[in-house]
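Let me begin by presenting the structure, written as structure tokens, before commenting on it.
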Amino acid sequence: MGTVEPQVASGQDVKVVSSGQIVANAQSQDVTDGFHLVIDALKLNGIDTIFGLPGIPITDFTRIAQAAGMRVISFRHEQNAGNAAAIAGFMTQKPGICLTVSAPGFLNGLTALANATTNCFPMILISGSSEREIVDLQQGDYEEMDQLAIARPLAKAAFRVLNAEDIGVGIARAIRAAVSGRPGGVYLDLPAKLFPQTIDADLGKKSLIKVVDPAPKQIPAPEAVKRALDLLKGAKRPLIILGKGAAYSQADAEIRSFIEKTGVPYLPMSMAKGLLPDTHPQCASAARSFVLPEADVVMLVGARLNWLLSHGKGKTWGGKDHKAWGGQKFLQIDISPQEMDSNVRIDAPVVGDVGSCVSALLAGIGSNWPKPPAEWLGAIAERKNNNIAKLAETLAKNPTPMNFHSALAVVRDIVKANPDACLVNEGANALDFTRSIVDMYKPRKRLDVGTWGVMGIGMGFSVAAAVVSGQPVIAIEGDSAFGFSGMEVETLCRYNLPVCVVIFNNNGVYRGTDVNPTGGPDVAPTVFVKGARYDKLIEAFGGVGVHATTPAELRKAMEEALRSRKPTLINAVIDESAGTESGRITSLNPSAKKK
Ligand code: ADP
Ligand code: TZD
């Protein structure tokens, strides 16, 4: 925006004393400033990566952060930077940082912040903001907006720092709010004037806070644990449901031990897949529609009874109509006490962090806990084996053009051979089929559209997953879903990230076969350009593009991408009539709803 923005050599110790003027050797001066205090406060708390997009008033901040040794990953749109921060938070239990400019950049990041809050992912959106005096009098400043007020209802907490000496407290509060209790998105408003404010260096140093125990354990009450065990012990047809709160908690060993010692069958929610390998004998995923209505006691571990679980009632649960209770008793582990009874009665609430709760339950089951009745386990095994055999038959077919199944048979093999790779997944059919067909083997490897079923997480999640894990990433994308963040393929190439994007290209939203009933020149609203070559997009930035029309071509391209670790985009051509409206959630469309 017309300002001269100086360059800083990497690794140089620098200090900004006024906008656009960088002076070397800050540490030898006896003053420090807002730029450095924010960076020092983040680093002091073990935060070493920023996902963002530069511009007034934060360009210098990104430079100084990079010069100070932080990893600064620049995106092409703030929403993708925000999604990257959110999923980094989910993967690491440290708040992911998204940095944006004021008003429009802030708003672009806000969708990701709201999504993080909805999904219980810890992130901090830091946005530069305009001058308070001008904003508050609505005098029309450059990118003027009352950002704090707008962010507040969409965030778990929102703070503004006006004085340099308060930066330490501001960052500490933001970190605690993001990761303690139920994690969520936090907004931190940093007005432009804060950055160049100088204070005595020693005073500044002393003002910073290294947050002690940012996410304190929450130990469940012994009576809650006893109540839960009594309920579970009396069950004839028990079931455990693992949600992404369980995956987030990183209590992998305790959860596995509890499941194996009790012998209770379990269902992983989408992002809890891999907490135990999907091939585990107690995994009941392939018998989902049998176990939900048939179970008598259901134990929820970091999973909400929201729409993804049909609110715990209705036909899915064996109720006689879509609102009726199915008769199950519920035991729920959650860090948020308010989650209990949100949809149906919770008979045994266990409030605390998953690790502490599962450990307490484990301690209570002793060594001779009765296994669930053989009749229940046998009935599940029968359904499961039938469904797995049916699926294997479908996967073995090789239709021309490819359909979701024949393409996913390949992805399934590749993921099996690369269990450390992260799998990012969005779309409708591309999402639902991938979730049910592709087994996961390790925790926190499946990253997807989450609680909202939001499109647009694809490339942001992919960048963060590669940066955070250092492992290859496979992104399975509907062609519509990909479009929301597609420009970030340049980011994949710029940082040379080992991401293999596979676009399931069926020429449109859900499918590509709709027609305009008027016969007019416009195509139907769900239809895209036919035969588009998404692979050409990544070639523009030096990545590898592949056009794949058969499973063999897809396999070869994916194997090569994982071997070479080069940013790759595979345009996988899928039968345009293969999908269904909205995938598995057709019934949520208003015209499909019961009157
Ligand atoms: P899913 O979509 O996989 O079913 P949800 O996002 O609906 O999962 O539920 C996650 C739940 O996990 C939330 O209610 C949240 O409060 C809870 N949660 C998050 N972290 C923890 C934790 N460390 N311990 C206990 N519960 C947690
Ligand atoms: N906008 C946002 C932000 N999120 C959404 N979920 C939607 C719109 C609506 N929507 C879905 O729920 S799935 C989807 C949209 C637009 C795309 C489906 O098409 P696709 O996948 O090409 O990505 P399939 O495999 O063809 O179904």
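Data overview
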| item | result |
| --- | --- |
| Selection from ALA247, GLY519, ILE150 lying farthest towards where the dipole of the chain points positive, charges on Cβ | ALA247 |
| Placed amide H near THR100: partners under 5 Å, 5+ positions off or other chain | ILE126, SER127, GLY128 |
| Using alpha-carbon coordinates, inclination of helix 458-469 to the longest axis of the chain, degrees | 80 |
| Qualifying trypsin sites (Lys or Arg not before Pro) for region 241-322 [loop in DSSP, other Cβ within 10 Å: at most 12] | LYS320 |
| Residue order for GLU339, GLU426 - accessible surface, 1.4 angstrom probe, largest first | GLU339, GLU426 |
| Cα-centred dipole magnitude for region 314-354, charges only on beta-carbon of K, R (+1) and D, E (-1), debye, nearest 20 | 340 |
| Within-12-Å neighbourhood charge of ILE333 [Cβ basis; K, R +1; D, E -1] | -3 |
| Local net charge near GLY486, Cβ-Cβ under 14 Å (Lys/Arg +1, Asp/Glu -1) | -4 |
| Within the chain, percent of DSSP bridges classed antiparallel, to nearest 5 | 10 |
| Qualifying lysines (Cα of each under 17 Å from Cα of LYS566; at least 8 residues distant if same chain) | LYS536, LYS556 |
| Degrees between helix 354-365 axis and first principal axis of the chain (Cα, 0 to 90, nearest 10) | 40 |
| Per residue solvent-accessible surface (Å²) - the chain, probe of 1.4 Å | 41 |
| Phi-based couplings in Hz for region 301-315 (Karplus 6.51, -1.76, 1.60; Gly and Pro marked x) | 10, x, 9, 8, 7, 8, 4, 5, 10, 6, 6, x, 8, x, 4 |
| Local net charge near GLU576, Cβ-Cβ under 11 Å (Lys/Arg +1, Asp/Glu -1) | -1 |
| Whole-number percent relative contact order across region 221-304, with pairs defined as alpha carbons under 8 Å at least 6 apart | 46 |
| Value at 222 nm in deg cm²/dmol, rounded to 500, when DSSP H runs of n ≥ 4 in the chain each add -39,500 (n - 2.57) | -11000 deg cm²/dmol |
| Amide H contacts under 5 Å for THR198, placed H, 5+ residues apart | none |
| Cβ-placed point charges (K, R +1; D, E -1), dipole of region 397-594 about Cα centre in debye, nearest 20 | 540 |
| Rounded to whole Hz, the Karplus (6.51, -1.76, 1.60) HN-Hα couplings of region 88-105, x for glycine and proline | 4, x, 4, 6, 10, 6, 10, x, x, 9, 10, 10, 9, 6, 6, 4, x, x |
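The values are calculated or read from the model by the stated rules, or taken from the named source; none is laboratory data. No experiment lies behind these values; they were computed from the predicted model shown. For neighbour counting, all protein chains shown are included, and Cβ atoms are generated from backbone atoms with ideal geometry for every residue, glycine included. Just so you know, the surface numbers come from the protein's heavy atoms only, side chains and all, with ligands and any DNA or RNA stripped out. Shrake-Rupley method; radii C 1.70, N 1.55, O 1.52, S 1.80 Å.
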